[in-house]
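The values are calculated or read from the model by the stated rules, or taken from the named source; none is laboratory data. Not measured: the values here are computed from a predicted model. Every residue, glycine among them, receives a Cβ derived from its backbone with ideal geometry; neighbour counts consider all protein chains shown.
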């Protein structure tokens, strides 16, 4: 009798354990999209060692990657869009502060050297954004985007224009370069080149569809010339170190993009080649020697944007038609076949895709 | 003593091994069921409280007409859902909120085809509750039944189900899914974005800047993306297109979910979600999300000037419907 009671008593914890086990087991059946959270880059090891040094951003934090490991740099704050000065001595980066954002100069270890812009105000209307810093090849001029002036009709128009200012000067010395298409969000992604400026313009067609196009412009407020057609929806241009190739992201629809490369003469764009397609590619950046691209693309069901490396094959004999009469380039060709195989560099870190890697 | 038989010593009964096995299995089944019941308890609670909401839809706008329950489509056949999204902060009585987003969705499980038609919130229509107003007021004047009846009466469609979600619910849902991947086609900047989530003063503004390009958005930033409208050249239409885009991105994430995710989902949506769909249909929809391809999703937006035109009525900026065009496109997509 005692033995049976003991057995019964022993059975209760067994039942409890089994019930708990079922509970825990059901929890393991959750989707990976729900379970997977991004890790800090510093606790991960890149799968592939990239040449040189690269700066990337994860959720407002700056990271430096070299020799196959990550180091977090910079003070706390909501940092993004690092750009390297041509002498490789400084970074220019954006810090967001709720209602505004400012450009800062940092040394290569992330220490703040100086604050370049001052866009905050107690009055919401007098706040401004500053994004997409880029330094001219001679290192003297800083190009960036800001929502100045604001245009007001019924609703306050907040659209980005490209501005420039002396990198060691004052914000009041700033000069507006572009006149955006109002209420589209404006012009973005400036890249200073020898002949002027490359940037992305957002516009609207007569079917109310908003497009992005890569433009080139020779001087401030001059008429800009389109390098790509409206329906190509190309954006995020990245110029190779020797200035002869332009990488860009083009969108076939709202949920897929292509990574494309085209020769660039300084004023005209040659035939575009699709080097990657079939996913959401973002933030292309050329390797220091101009033979490869780094870019972001989502991985797995969690959709985290990871860093990828792609050796770009040299251009074959151009087979695409010449640029259209509007100045915009013709439809791209897929090149080569099969497409080169990209290498995944990071895993599980979810890098900020709107902050292209800065690589030297 | 004689004649008295000694008490017979009760023989200790031995449990037959077969009975022991049966008893063990029964106990394990019982405890396993208890474990599963504990796991899915929030789903059951939500199933009672938030799903399977009974809606009595008046068939016409005629005052005094007898309301009848809308017939729902049989399982496996095409059905139409009215998706409603609202500001649901403390500025409003929870039962009288405006619907910032109204999307008609037709799902055909057999052809795996989905159509989404966004209804502009400023569309000037006859409400089922009587009188004319912007269509976003229909829900405020009579809850889901009035919203459904207003859409049915004006668009000449039959709505089988509805689902309503509040702002915080959308944030929590997207965060639970680990964010969504979208390609932001142009910068979304807004100096008059409502600063009304988890703040004491509900009537302030904040500045929003969602930069262009492919990116991973968390719940808060995804909400900014789908809610902002002040600096969009397409106004509310641009916002509708962004809402449909995020819905598609959510669909992509939903296709990876399993029934084991349901407790987390209902916990995230607690008080922020109501639907006429029963748990069975919600579960089957999750399964369907896997089967639908983005190329089989058709998106309809009632742009100016084809379907609507801008106007001023009673001092309000409204959209005047061009019913012949609207009904033609609606009839074609919602037979």
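Could you look through region A:169-205, keep only residues that are over 20 Å from the mean Cα position of the chain (by Cα), outside any loop (DSSP other than H, G, I, E, B) and away from chain B (no Cβ under 14 Å), and pick out the one that is nearest to residue A:229 (Cα to Cα)? Step by step, filter region A:169-205, then rank; the result is A:196.
A quick yes/no check of all residues on (1) part of a loop (DSSP other than H, G, I, E, B); (2) over 24 Å from residue A:23 (Cα atoms); (3) touching a residue at least 12 places away in the same chain (Cβ under 8 Å):
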| position | (1), (2), (3) |
| --- | --- |
| B:229 | yes, yes, yes |
| B:233 | yes, yes, no |
| B:238 | no, yes, no |
| B:244 | no, yes, yes |
| B:249 | no, yes, yes |
| B:263 | no, no, yes |
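Of all the listed residues (A:49, A:12, A:24), the sole one being part of a loop (DSSP other than H, G, I, E, B), free of Cβ contacts under 8 Å to residues at least 24 places away in the same chain and surrounded by fewer than 19 Cβ atoms within 10 Å (Cβ to Cβ) is A:49. Among the conditions (1) within 13 Å of chain A (Cβ to nearest Cβ); (2) crowded, with 21+ Cβ neighbours inside 10 Å; (3) out of contact with any helix residue (DSSP H, G or I) (no Cβ under 6 Å at 6 or more places or on another chain), residue B:250 misses just one, which is (2). Pairs linking a residue in region B:312-330 that is at negative phi and surrounded by 15 or more Cβ atoms within 10 Å (Cβ to Cβ) to a residue that is modelled with pLDDT of 95 or more and assigned to a helix (DSSP H, G or I), with Cβ atoms under 6 Å and 6 or more positions apart or on different chains, are B:330/B:155. Of the strands (runs of 3 or more DSSP E) lying entirely inside region B:114-203, the ones with 1 or more residues being within 20 Å of residue B:274 (Cβ to Cβ) are found at B:161-166.
For region A:85-100, a tally of residues being part of a loop (DSSP other than H, G, I, E, B) and free of Cβ contacts under 8 Å to residues at least 24 places away in the same chain returns 2.
Only residues that are assigned to a loop (DSSP other than H, G, I, E, B) and away from chain B (no Cβ under 11 Å) were counted across region A:206-230, and they come to 10. Considering region A:163-182, the residues that are buried (at least 20 other Cβ atoms within 10 Å of the Cβ) and more than 22 Å from residue A:114 (Cβ to Cβ) include one that is modelled with the lowest pLDDT, namely A:180. Annotation for region A:127-139: no member residue is touching a helix residue (DSSP H, G or I) at 6+ places or on another chain (Cβ under 8 Å) and either surrounded by fewer than 20 Cβ atoms within 10 Å (Cβ to Cβ) or more than 10 Å from every other protein chain (Cβ to nearest Cβ) (or both). For the residues A:279, A:256, the requirement of being surrounded by fewer than 23 Cβ atoms within 10 Å (Cβ to Cβ), within 14 Å of chain B (Cβ to nearest Cβ), in contact (Cβ under 8 Å) with a residue 12 or more places away in the chain and touching a helix residue (DSSP H, G or I) at 6+ places or on another chain (Cβ under 9 Å) singles out A:256. Scanning region B:216-224 for any residue that is at the interface with chain A (Cβ under 9 Å from one of its Cβ atoms), under 23 Å from residue A:300 (Cβ atoms) and buried (at least 22 other Cβ atoms within 10 Å of the Cβ) turns up at least one such residue. When residues in region B:183-199 are screened for being buried (at least 19 other Cβ atoms within 10 Å of the Cβ) and within 7 Å of chain A (Cβ to nearest Cβ), 8 of them pass. Of A:220, A:166, all but one fail to be under 30 Å from residue A:288 (Cβ atoms) and in contact with a strand residue (DSSP E or B) (Cβ under 9 Å, 6 or more places away or on another chain); the exception is A:166. Residues in region A:183-207 that are free of Cβ contacts under 8 Å to residues at least 40 places away in the same chain and surrounded by fewer than 17 Cβ atoms within 10 Å (Cβ to Cβ): A:205, A:206, A:207.
Quick check: is even one residue across region A:75-82 in a loop (DSSP other than H, G, I, E, B) and under 16 Å from the mean Cα position of the chain (by Cα)? No, the conditions are met nowhere in region A:75-82. Here residue A:269 clears all of (1) closer than 17 Å to residue A:212 by Cα; (2) within 14 Å of chain B (Cβ to nearest Cβ); (3) out of contact with any helix residue (DSSP H, G or I) (no Cβ under 6 Å at 6 or more places or on another chain) except the condition numbered (2). Residues in region A:111-140 that are in a loop (DSSP other than H, G, I, E, B), under 15 Å from residue A:77 (Cβ atoms) and under 20 Å from the mean Cα position of the chain (by Cα): none. In region B:31-42, the residues that are within 8 Å of chain A (Cβ to nearest Cβ) and in contact (Cβ under 8 Å) with a residue 60 or more places away in the chain form Cβ pairs under 8 Å with partners that are surrounded by fewer than 17 Cβ atoms within 10 Å (Cβ to Cβ) and assigned to a helix (DSSP H, G or I), at six or more places apart or across chains, as follows: B:39/A:27. State whether the residues of region A:16-30 include one that is under 55 Å from the mean Cα position of the chain (by Cα) and more than 10 Å from chain B (Cβ to nearest Cβ). No, region A:16-30 has no match at all.
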